[in-house]
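The values are calculated or read from the model by the stated rules, or taken from the named source; none is laboratory data. What you are looking at is a predicted structure, and each value in this text was computed from that prediction instead of being measured. Don't worry about glycine lacking a Cβ; one is built from the backbone with ideal geometry, like all the others, and counts go over all protein chains shown. Keep in mind that these areas ignore ligands, DNA and RNA; they rest on the heavy atoms of the full protein, side chains included. Shrake-Rupley method; radii C 1.70, N 1.55, O 1.52, S 1.80 Å.
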Amino acid sequence: MTVDEVFVAPAHRAPVSPAADSSTAAMGPRRSAASSCRRLLLPPLLLLGVSGFFQSYAVEVDIKDGSNATCLYADWMMRFLITYESNNGDYKTTTLNLSSSVTHNGSVCGNDTQAALLAVQFGEGHSWSINMTKSNETYQGEFITLTYNTNDTAVFPDAKRKGPISVSVRDPFRPVLLNTVFVCHNSFSIEAENVTEIFWNVTMQAFVQNGTVSKKESRCPADTPTSAPTVPPTTANVTTASTTTLSPAPTTAPKPVENPDTGNYSLKSGNKTCFLATVGLQLNVSQDKPLLININPKTTIADGACGNTTATLKLNDGNSTLIGFTFAVKNTSPSVQKFYLREVNVTLLNRLSGSVISSAGNSNFSKWDAFLGSSYMCRKEQTLQINEDVQVHTFNLWIQPFLVEANKFATAEECIADSDLNFLIPIAVGVALGFLIILVFISYIIGRRKSHTGYQSV
(Lines give C-alpha, C1' and ligand atoms only; values in the text may rest on other atoms or scores of the structure.)
Protein backbone atom coordinates (compact mmCIF):
# COMPACT_ATOMS: atom_id res chain seq x y z
CA MET A 1 0.00 0.00 0.00
CA THR A 2 1.28 3.41 -0.93
CA VAL A 3 -0.06 6.93 -0.59
CA ASP A 4 -0.08 8.47 -4.03
CA GLU A 5 -1.18 12.03 -3.28
CA VAL A 6 -1.91 14.54 -0.59
CA PHE A 7 -3.49 17.65 -2.05
CA VAL A 8 -3.82 20.71 0.20
CA ALA A 9 -5.70 23.65 -1.24
CA PRO A 10 -7.63 26.69 -0.08
CA ALA A 11 -11.37 26.49 0.34
CA HIS A 12 -12.69 27.89 -2.91
CA ARG A 13 -13.47 24.84 -5.01
CA ALA A 14 -16.68 24.90 -7.02
CA PRO A 15 -19.65 23.06 -5.57
CA VAL A 16 -20.50 19.62 -6.88
CA SER A 17 -23.87 19.55 -8.57
CA PRO A 18 -25.85 16.39 -7.87
CA ALA A 19 -26.74 16.25 -11.53
CA ALA A 20 -23.14 16.45 -12.64
CA ASP A 21 -20.79 13.52 -13.11
CA SER A 22 -20.22 12.44 -9.50
CA SER A 23 -17.07 10.53 -10.30
CA THR A 24 -15.34 13.51 -11.82
CA ALA A 25 -16.46 15.77 -9.02
CA ALA A 26 -15.33 13.37 -6.35
CA MET A 27 -11.98 12.59 -7.81
CA GLY A 28 -10.95 16.07 -8.89
CA PRO A 29 -7.88 16.43 -11.11
CA ARG A 30 -5.94 13.16 -11.25
CA ARG A 31 -2.20 13.28 -11.00
CA SER A 32 0.61 10.92 -11.85
CA ALA A 33 1.55 8.18 -9.42
CA ALA A 34 5.16 9.13 -9.88
CA SER A 35 4.83 11.95 -7.36
CA SER A 36 4.65 10.28 -3.96
CA CYS A 37 3.39 13.39 -2.16
CA ARG A 38 2.44 16.61 -3.97
CA ARG A 39 0.98 19.74 -2.37
CA LEU A 40 -0.64 22.60 -4.23
CA LEU A 41 -0.73 25.89 -2.32
CA LEU A 42 -2.80 28.63 -3.88
CA PRO A 43 -3.79 32.06 -2.53
CA PRO A 44 -6.14 31.20 0.34
CA LEU A 45 -9.75 32.19 0.39
CA LEU A 46 -10.28 34.69 3.20
CA LEU A 47 -13.72 34.43 4.74
CA LEU A 48 -14.93 37.40 6.76
CA GLY A 49 -16.29 36.25 10.13
CA VAL A 50 -17.54 37.96 13.23
CA SER A 51 -14.06 38.27 14.68
CA GLY A 52 -11.92 38.83 11.62
CA PHE A 53 -10.47 36.79 8.76
CA PHE A 54 -10.41 33.00 8.74
CA GLN A 55 -8.11 30.97 6.52
CA SER A 56 -9.24 27.46 5.67
CA TYR A 57 -7.63 24.64 3.70
CA ALA A 58 -9.12 21.61 1.98
CA VAL A 59 -7.30 18.29 2.10
CA GLU A 60 -7.42 15.56 -0.53
CA VAL A 61 -5.88 12.18 0.25
CA ASP A 62 -5.64 9.31 -2.24
CA ILE A 63 -4.47 6.01 -0.72
CA LYS A 64 -3.25 3.37 -3.16
CA ASP A 65 -2.71 -0.35 -2.68
CA GLY A 66 0.25 -2.46 -3.77
CA SER A 67 -0.94 -2.51 -7.37
CA ASN A 68 -1.09 1.31 -7.43
CA ALA A 69 -4.91 1.32 -7.47
CA THR A 70 -6.91 3.74 -5.32
CA CYS A 71 -8.34 1.95 -2.29
CA LEU A 72 -9.31 4.88 -0.03
CA TYR A 73 -10.16 8.39 -1.18
CA ALA A 74 -11.11 11.49 0.82
CA ASP A 75 -11.49 15.20 0.10
CA TRP A 76 -12.82 17.35 2.94
CA MET A 77 -12.54 20.43 5.15
CA MET A 78 -12.70 20.61 8.93
CA ARG A 79 -11.89 22.66 11.99
CA PHE A 80 -12.25 22.24 15.74
CA LEU A 81 -13.54 24.27 18.69
CA ILE A 82 -11.70 23.19 21.85
CA THR A 83 -12.39 24.25 25.43
CA TYR A 84 -9.36 24.11 27.75
CA GLU A 85 -8.36 25.26 31.21
CA SER A 86 -5.97 28.20 31.40
CA ASN A 87 -3.23 28.79 33.93
CA ASN A 88 -5.45 31.06 36.03
CA GLY A 89 -8.26 28.50 36.26
CA ASP A 90 -10.53 30.04 33.64
CA TYR A 91 -11.92 27.98 30.78
CA LYS A 92 -11.35 29.24 27.26
CA THR A 93 -12.50 28.15 23.83
CA THR A 94 -10.06 28.26 20.94
CA THR A 95 -10.24 27.29 17.27
CA LEU A 96 -7.88 24.76 15.71
CA ASN A 97 -7.72 24.77 11.89
CA LEU A 98 -5.96 22.66 9.32
CA SER A 99 -2.67 24.15 8.23
CA SER A 100 -1.24 24.30 4.73
CA SER A 101 1.13 21.43 5.55
CA VAL A 102 -0.56 18.07 6.12
CA THR A 103 0.96 14.59 6.31
CA HIS A 104 -0.80 11.25 6.15
CA ASN A 105 1.32 8.78 8.12
CA GLY A 106 -0.45 5.60 9.19
CA SER A 107 -3.26 5.57 6.62
CA VAL A 108 -4.11 2.06 5.42
CA CYS A 109 -6.45 0.58 2.79
CA GLY A 110 -8.12 -2.05 4.94
CA ASN A 111 -9.70 -5.31 3.83
CA ASP A 112 -12.29 -7.86 4.94
CA THR A 113 -10.54 -8.43 8.26
CA GLN A 114 -8.67 -5.16 8.86
CA ALA A 115 -10.23 -1.73 9.28
CA ALA A 116 -9.35 1.02 6.85
CA LEU A 117 -7.69 4.03 8.47
CA LEU A 118 -7.54 7.61 7.24
CA ALA A 119 -5.05 9.57 9.36
CA VAL A 120 -3.65 13.08 8.88
CA GLN A 121 -1.18 15.12 10.90
CA PHE A 122 -0.99 18.91 10.82
CA GLY A 123 0.34 21.96 12.65
CA GLU A 124 2.36 21.63 15.83
CA GLY A 125 1.71 18.03 16.80
CA HIS A 126 -2.01 17.76 15.98
CA SER A 127 -3.62 14.77 14.25
CA TRP A 128 -7.03 13.46 13.19
CA SER A 129 -8.19 10.04 12.07
CA ILE A 130 -11.19 7.90 11.28
CA ASN A 131 -11.24 4.11 11.02
CA MET A 132 -13.80 2.32 8.87
CA THR A 133 -14.93 -1.28 8.87
CA LYS A 134 -16.47 -3.37 6.10
CA SER A 135 -19.35 -5.85 6.01
CA ASN A 136 -20.66 -7.90 3.12
CA GLU A 137 -22.65 -4.99 1.72
CA THR A 138 -21.63 -1.79 3.52
CA TYR A 139 -18.79 0.13 5.11
CA GLN A 140 -19.06 2.41 8.11
CA GLY A 141 -16.96 4.79 10.14
CA GLU A 142 -16.28 3.51 13.64
CA PHE A 143 -14.22 5.99 15.66
CA ILE A 144 -13.16 9.56 14.94
CA THR A 145 -10.13 10.60 16.98
CA LEU A 146 -8.62 14.06 17.39
CA THR A 147 -5.28 14.51 19.13
CA TYR A 148 -4.48 18.15 19.88
CA ASN A 149 -1.23 19.36 21.38
CA THR A 150 -1.53 22.10 24.01
CA ASN A 151 2.19 22.80 23.62
CA ASP A 152 1.16 24.69 20.47
CA THR A 153 1.22 28.17 22.03
CA ALA A 154 -0.28 29.79 18.94
CA VAL A 155 -3.53 27.91 19.60
CA PHE A 156 -3.24 27.31 23.37
CA PRO A 157 -1.23 30.29 24.64
CA ASP A 158 -1.91 29.70 28.35
CA ALA A 159 -3.05 26.07 28.69
CA LYS A 160 -2.61 24.65 32.19
CA ARG A 161 -2.24 21.08 30.97
CA LYS A 162 0.60 20.58 28.52
CA GLY A 163 1.08 17.89 25.90
CA PRO A 164 -1.02 15.80 23.48
CA ILE A 165 -4.64 15.11 24.44
CA SER A 166 -6.79 12.60 22.53
CA VAL A 167 -10.57 12.74 22.23
CA SER A 168 -12.56 10.00 20.46
CA VAL A 169 -16.18 9.74 19.38
CA ARG A 170 -18.19 7.27 17.35
CA ASP A 171 -19.06 8.15 13.77
CA PRO A 172 -22.77 9.15 13.94
CA PHE A 173 -23.63 8.36 10.31
CA ARG A 174 -25.39 5.28 9.02
CA PRO A 175 -23.49 2.64 7.01
CA VAL A 176 -22.77 3.36 3.33
CA LEU A 177 -23.22 0.76 0.61
CA LEU A 178 -20.02 -0.59 -0.89
CA ASN A 179 -19.03 1.03 -4.19
CA THR A 180 -20.75 4.25 -3.02
CA VAL A 181 -19.09 7.54 -2.12
CA PHE A 182 -20.21 9.47 0.96
CA VAL A 183 -20.85 13.16 0.21
CA CYS A 184 -21.75 16.02 2.55
CA HIS A 185 -21.40 19.56 1.20
CA ASN A 186 -23.18 21.34 4.03
CA SER A 187 -21.52 21.75 7.37
CA PHE A 188 -22.21 19.39 10.26
CA SER A 189 -20.69 19.07 13.70
CA ILE A 190 -19.83 16.25 16.09
CA GLU A 191 -19.37 16.86 19.81
CA ALA A 192 -16.98 14.84 21.96
CA GLU A 193 -16.19 15.87 25.54
CA ASN A 194 -14.70 19.38 25.33
CA VAL A 195 -14.33 19.39 21.52
CA THR A 196 -16.72 20.32 18.71
CA GLU A 197 -15.56 19.00 15.33
CA ILE A 198 -16.97 20.84 12.28
CA PHE A 199 -16.86 19.34 8.77
CA TRP A 200 -18.01 20.48 5.34
CA ASN A 201 -17.42 19.76 1.64
CA VAL A 202 -16.79 16.11 2.48
CA THR A 203 -16.27 13.44 -0.20
CA MET A 204 -15.07 10.08 1.09
CA GLN A 205 -15.03 6.45 0.00
CA ALA A 206 -13.39 3.51 1.74
CA PHE A 207 -12.76 0.09 0.20
CA VAL A 208 -12.77 1.53 -3.33
CA GLN A 209 -13.43 -1.18 -5.91
CA ASN A 210 -11.32 -1.57 -9.06
CA GLY A 211 -9.32 1.57 -8.20
CA THR A 212 -12.10 3.96 -9.27
CA VAL A 213 -14.11 6.20 -6.96
CA SER A 214 -17.79 5.47 -7.47
CA LYS A 215 -20.31 7.68 -9.27
CA LYS A 216 -22.98 6.61 -6.79
CA GLU A 217 -23.47 9.01 -3.88
CA SER A 218 -24.79 8.63 -0.35
CA ARG A 219 -25.71 12.09 0.95
CA CYS A 220 -25.65 13.19 4.57
CA PRO A 221 -28.90 14.44 6.20
CA ALA A 222 -27.63 18.04 6.04
CA ASP A 223 -27.62 17.93 2.23
CA THR A 224 -30.57 18.19 -0.12
CA PRO A 225 -30.53 17.40 -3.86
CA THR A 226 -30.21 21.11 -4.67
CA SER A 227 -28.08 22.24 -1.74
CA ALA A 228 -24.85 24.11 -2.34
CA PRO A 229 -21.71 23.95 -0.22
CA THR A 230 -21.82 26.18 2.80
CA VAL A 231 -19.06 27.51 5.00
CA PRO A 232 -19.57 27.35 8.75
CA PRO A 233 -19.51 30.60 10.74
CA THR A 234 -16.00 31.73 11.61
CA THR A 235 -14.89 32.73 15.05
CA ALA A 236 -11.10 32.79 15.03
CA ASN A 237 -7.97 33.50 13.02
CA VAL A 238 -5.85 30.52 12.09
CA THR A 239 -2.61 32.17 13.09
CA THR A 240 -3.53 33.87 16.37
CA ALA A 241 -5.92 31.52 18.17
CA SER A 242 -8.90 33.60 19.24
CA THR A 243 -10.10 32.74 22.73
CA THR A 244 -13.26 33.37 24.70
CA THR A 245 -13.10 33.42 28.51
CA LEU A 246 -15.80 31.45 30.32
CA SER A 247 -14.92 32.18 33.92
CA PRO A 248 -14.77 30.31 36.17
CA ALA A 249 -15.91 27.17 34.31
CA PRO A 250 -18.00 26.10 31.33
CA THR A 251 -21.64 27.00 31.87
CA THR A 252 -23.05 23.97 30.06
CA ALA A 253 -23.32 20.86 32.19
CA PRO A 254 -22.03 17.60 30.70
CA LYS A 255 -24.66 15.36 29.16
CA PRO A 256 -25.57 12.43 31.43
CA VAL A 257 -24.26 9.11 30.22
CA GLU A 258 -26.93 6.46 29.77
CA ASN A 259 -26.55 2.98 31.15
CA PRO A 260 -24.61 0.69 28.79
CA ASP A 261 -26.24 -1.84 26.51
CA THR A 262 -26.21 -5.41 27.77
CA GLY A 263 -23.99 -7.81 25.84
CA ASN A 264 -23.98 -11.58 25.60
CA TYR A 265 -20.55 -13.24 25.62
CA SER A 266 -19.39 -16.85 25.59
CA LEU A 267 -16.24 -18.97 25.33
CA LYS A 268 -15.82 -22.44 23.87
CA SER A 269 -13.49 -25.30 24.61
CA GLY A 270 -13.48 -27.26 21.38
CA ASN A 271 -17.13 -27.41 20.33
CA LYS A 272 -18.47 -27.09 23.86
CA THR A 273 -19.46 -23.80 25.49
CA CYS A 274 -17.53 -23.45 28.74
CA PHE A 275 -18.20 -19.84 29.81
CA LEU A 276 -21.36 -17.73 29.64
CA ALA A 277 -21.73 -14.04 30.52
CA THR A 278 -24.45 -11.44 30.08
CA VAL A 279 -23.53 -7.97 31.32
CA GLY A 280 -23.60 -4.26 30.62
CA LEU A 281 -20.24 -2.60 31.36
CA GLN A 282 -19.28 0.97 32.07
CA LEU A 283 -15.86 2.36 32.97
CA ASN A 284 -15.41 5.32 35.28
CA VAL A 285 -11.95 6.83 34.75
CA SER A 286 -11.17 9.87 36.88
CA GLN A 287 -7.56 10.91 36.36
CA ASP A 288 -7.67 14.49 35.03
CA LYS A 289 -11.48 14.63 35.09
CA PRO A 290 -14.28 12.06 35.44
CA LEU A 291 -14.93 10.14 32.23
CA LEU A 292 -17.61 7.48 31.75
CA ILE A 293 -17.06 4.97 28.95
CA ASN A 294 -19.81 2.56 27.94
CA ILE A 295 -18.66 -0.73 26.45
CA ASN A 296 -20.48 -1.34 23.18
CA PRO A 297 -21.42 -5.03 22.78
CA LYS A 298 -21.70 -4.62 18.99
CA THR A 299 -18.00 -3.78 18.68
CA THR A 300 -16.73 -5.98 21.52
CA ILE A 301 -14.97 -9.29 20.93
CA ALA A 302 -14.80 -11.94 23.66
CA ASP A 303 -11.72 -14.08 24.23
CA GLY A 304 -10.21 -15.95 27.14
CA ALA A 305 -9.67 -19.41 28.56
CA CYS A 306 -11.62 -22.00 30.51
CA GLY A 307 -10.21 -24.32 33.16
CA ASN A 308 -11.16 -26.54 36.07
CA THR A 309 -10.13 -24.09 38.79
CA THR A 310 -9.60 -20.78 36.94
CA ALA A 311 -11.34 -19.12 34.00
CA THR A 312 -10.70 -15.79 32.28
CA LEU A 313 -12.99 -13.66 30.11
CA LYS A 314 -11.26 -10.94 28.06
CA LEU A 315 -13.39 -8.29 26.33
CA ASN A 316 -11.94 -6.08 23.59
CA ASP A 317 -14.06 -3.07 22.54
CA GLY A 318 -12.77 -1.77 19.22
CA ASN A 319 -9.08 -2.21 20.10
CA SER A 320 -9.43 0.71 22.49
CA THR A 321 -10.71 -0.77 25.76
CA LEU A 322 -9.64 -4.14 27.20
CA ILE A 323 -11.28 -5.62 30.30
CA GLY A 324 -10.30 -8.98 31.78
CA PHE A 325 -12.21 -10.92 34.46
CA THR A 326 -10.53 -13.87 36.20
CA PHE A 327 -12.58 -16.35 38.24
CA ALA A 328 -11.32 -19.03 40.61
CA VAL A 329 -12.69 -21.96 42.61
CA LYS A 330 -12.46 -22.14 46.39
CA ASN A 331 -13.28 -24.89 48.89
CA THR A 332 -15.78 -23.67 51.50
CA SER A 333 -15.85 -27.14 53.10
CA PRO A 334 -14.37 -30.56 52.26
CA SER A 335 -17.33 -31.34 50.00
CA VAL A 336 -18.52 -27.87 48.87
CA GLN A 337 -16.89 -25.67 46.25
CA LYS A 338 -17.74 -22.16 45.11
CA PHE A 339 -16.49 -19.94 42.30
CA TYR A 340 -15.80 -16.24 42.75
CA LEU A 341 -14.40 -13.22 40.93
CA ARG A 342 -10.73 -12.93 41.86
CA GLU A 343 -9.17 -10.39 39.50
CA VAL A 344 -10.11 -7.57 37.10
CA ASN A 345 -7.74 -5.81 34.71
CA VAL A 346 -8.53 -2.71 32.60
CA THR A 347 -6.40 -1.31 29.75
CA LEU A 348 -7.12 1.77 27.62
CA LEU A 349 -5.35 1.88 24.24
CA ASN A 350 -4.63 4.54 21.64
CA ARG A 351 -6.81 3.55 18.67
CA LEU A 352 -4.20 4.72 16.17
CA SER A 353 -0.94 3.35 17.49
CA GLY A 354 -2.21 0.66 19.84
CA SER A 355 -0.02 2.06 22.63
CA VAL A 356 -1.22 1.83 26.22
CA ILE A 357 -2.78 5.04 27.55
CA SER A 358 -3.69 3.69 30.97
CA SER A 359 -3.86 0.34 32.74
CA ALA A 360 -5.14 -0.79 36.13
CA GLY A 361 -5.65 -4.09 37.92
CA ASN A 362 -6.92 -5.55 41.16
CA SER A 363 -6.26 -9.20 42.04
CA ASN A 364 -7.76 -9.12 45.55
CA PHE A 365 -11.46 -9.43 44.81
CA SER A 366 -13.75 -11.96 46.45
CA LYS A 367 -17.06 -11.13 44.79
CA TRP A 368 -19.81 -12.79 42.73
CA ASP A 369 -19.46 -16.11 44.55
CA ALA A 370 -21.86 -18.98 43.90
CA PHE A 371 -21.84 -22.75 44.23
CA LEU A 372 -19.90 -24.56 41.52
CA GLY A 373 -22.35 -25.75 38.88
CA SER A 374 -24.69 -22.79 39.34
CA SER A 375 -24.61 -19.25 37.96
CA TYR A 376 -24.47 -15.81 39.59
CA MET A 377 -26.97 -13.04 38.83
CA CYS A 378 -27.21 -9.39 39.86
CA ARG A 379 -29.49 -7.11 37.87
CA LYS A 380 -28.76 -4.03 39.97
CA GLU A 381 -25.71 -1.86 39.32
CA GLN A 382 -22.53 -3.01 41.05
CA THR A 383 -19.18 -1.22 41.32
CA LEU A 384 -15.75 -2.85 41.17
CA GLN A 385 -13.03 -0.54 42.49
CA ILE A 386 -9.93 -1.33 40.42
CA ASN A 387 -7.79 1.45 41.89
CA GLU A 388 -8.28 5.03 43.04
CA ASP A 389 -8.76 6.23 39.44
CA VAL A 390 -10.66 3.39 37.75
CA GLN A 391 -13.99 1.75 38.49
CA VAL A 392 -15.98 -0.84 36.55
CA HIS A 393 -19.77 -0.64 36.82
CA THR A 394 -21.82 -3.72 35.91
CA PHE A 395 -25.50 -3.86 34.97
CA ASN A 396 -27.82 -6.86 34.41
CA LEU A 397 -25.05 -9.28 35.30
CA TRP A 398 -25.55 -13.02 34.76
CA ILE A 399 -22.41 -15.13 34.65
CA GLN A 400 -21.27 -18.75 34.79
CA PRO A 401 -17.54 -19.38 34.37
CA PHE A 402 -17.55 -23.14 35.11
CA LEU A 403 -19.53 -26.31 34.32
CA VAL A 404 -21.78 -24.91 31.60
CA GLU A 405 -24.21 -27.53 30.26
CA ALA A 406 -26.15 -27.45 26.98
CA ASN A 407 -25.13 -23.85 26.26
CA LYS A 408 -27.47 -22.60 28.99
CA PHE A 409 -27.10 -20.88 32.32
CA ALA A 410 -27.65 -23.08 35.35
CA THR A 411 -29.90 -22.03 38.24
CA ALA A 412 -28.80 -18.59 39.41
CA GLU A 413 -27.84 -17.43 42.87
CA GLU A 414 -28.99 -13.82 43.14
CA CYS A 415 -27.10 -11.02 44.79
CA ILE A 416 -28.63 -9.55 47.94
CA ALA A 417 -29.36 -6.29 46.06
CA ASP A 418 -31.82 -8.20 43.85
CA SER A 419 -33.39 -10.12 46.73
CA ASP A 420 -36.97 -9.40 47.79
CA LEU A 421 -35.69 -9.44 51.36
CA ASN A 422 -33.43 -6.50 50.70
CA PHE A 423 -35.73 -4.27 52.79
CA LEU A 424 -34.89 -6.36 55.90
CA ILE A 425 -31.32 -5.04 55.99
CA PRO A 426 -32.12 -1.60 57.42
CA ILE A 427 -34.65 -3.19 59.78
CA ALA A 428 -32.02 -5.64 61.06
CA VAL A 429 -29.54 -2.81 61.51
CA GLY A 430 -32.14 -0.80 63.43
CA VAL A 431 -32.99 -3.73 65.69
CA ALA A 432 -29.30 -4.37 66.40
CA LEU A 433 -28.76 -0.72 67.32
CA GLY A 434 -31.82 -0.85 69.59
CA PHE A 435 -30.45 -3.87 71.45
CA LEU A 436 -27.09 -2.15 71.76
CA ILE A 437 -28.70 0.93 73.31
CA ILE A 438 -30.65 -1.26 75.76
CA LEU A 439 -27.47 -3.10 76.77
CA VAL A 440 -25.64 0.18 77.37
CA PHE A 441 -28.54 1.46 79.47
CA ILE A 442 -28.69 -1.73 81.56
CA SER A 443 -24.92 -1.60 82.13
CA TYR A 444 -25.25 1.99 83.25
CA ILE A 445 -27.99 1.12 85.78
CA ILE A 446 -26.01 -1.80 87.18
CA GLY A 447 -22.93 0.36 87.50
CA ARG A 448 -24.81 3.04 89.44
CA ARG A 449 -26.26 0.47 91.86
CA LYS A 450 -22.83 -0.98 92.57
CA SER A 451 -21.40 2.45 93.27
CA HIS A 452 -24.25 3.30 95.71
CA THR A 453 -23.75 -0.03 97.54
CA GLY A 454 -20.08 0.70 97.95
CA TYR A 455 -20.72 4.08 99.58
CA GLN A 456 -23.17 2.58 102.12
CA SER A 457 -20.65 -0.05 103.28
CA VAL A 458 -18.10 2.67 104.05
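For the range 131-221, the Stokes-Einstein estimate of translational diffusion at 20 °C and a viscosity of 1.002 mPa s comes to 142 µm²/s, using the Kirkwood hydrodynamic radius over alpha-carbon pairs.
Hey, can you rank 125-135, 189-199, 357-367 by average C-beta count inside 10 Å, highest first? Could the numbers behind the result be given before it?
Numbers: 125-135: 19.4, 189-199: 16.5, 357-367: 13.5.
Going from most to least packed, we get 125-135, 189-199, 357-367.
Which entries in the list LYS268/LYS408; LYS330/LYS367; LYS134/LYS298; LYS134/LYS314 go over 22 Å, if you measure between the two C-alpha atoms of each? Going by Cα-Cα distance, LYS134/LYS314 fall outside the 22 Å limit. Peptides 428-439, 262-273 ranked from most to least packed give 262-273, 428-439, packing being the mean of other C-beta atoms within 10 angstrom over each peptide's residues. Across the range 67-72, rounded Karplus estimates of 3J(HN,Hα) from the backbone phi angles (6.51 cos²θ - 1.76 cosθ + 1.60, θ = phi - 60°) give 8, 6, 9, 4, 10, 8 Hz, Gly and Pro being marked x. Electrostatic bookkeeping for ASN362 treats Lys and Arg as +1 and Asp and Glu as -1; over the other residues with beta carbon under 13 Å from its beta carbon, the sum is -1.
Radius of gyration over Kirkwood radius for the range 74-162, both on Cα atoms: the Rg/Rh ratio is 1.08. Just the protein heavy atoms count here, and of the accessible area of the range 331-410 at 1.4 Å, carbon and sulfur take up 45 percent.
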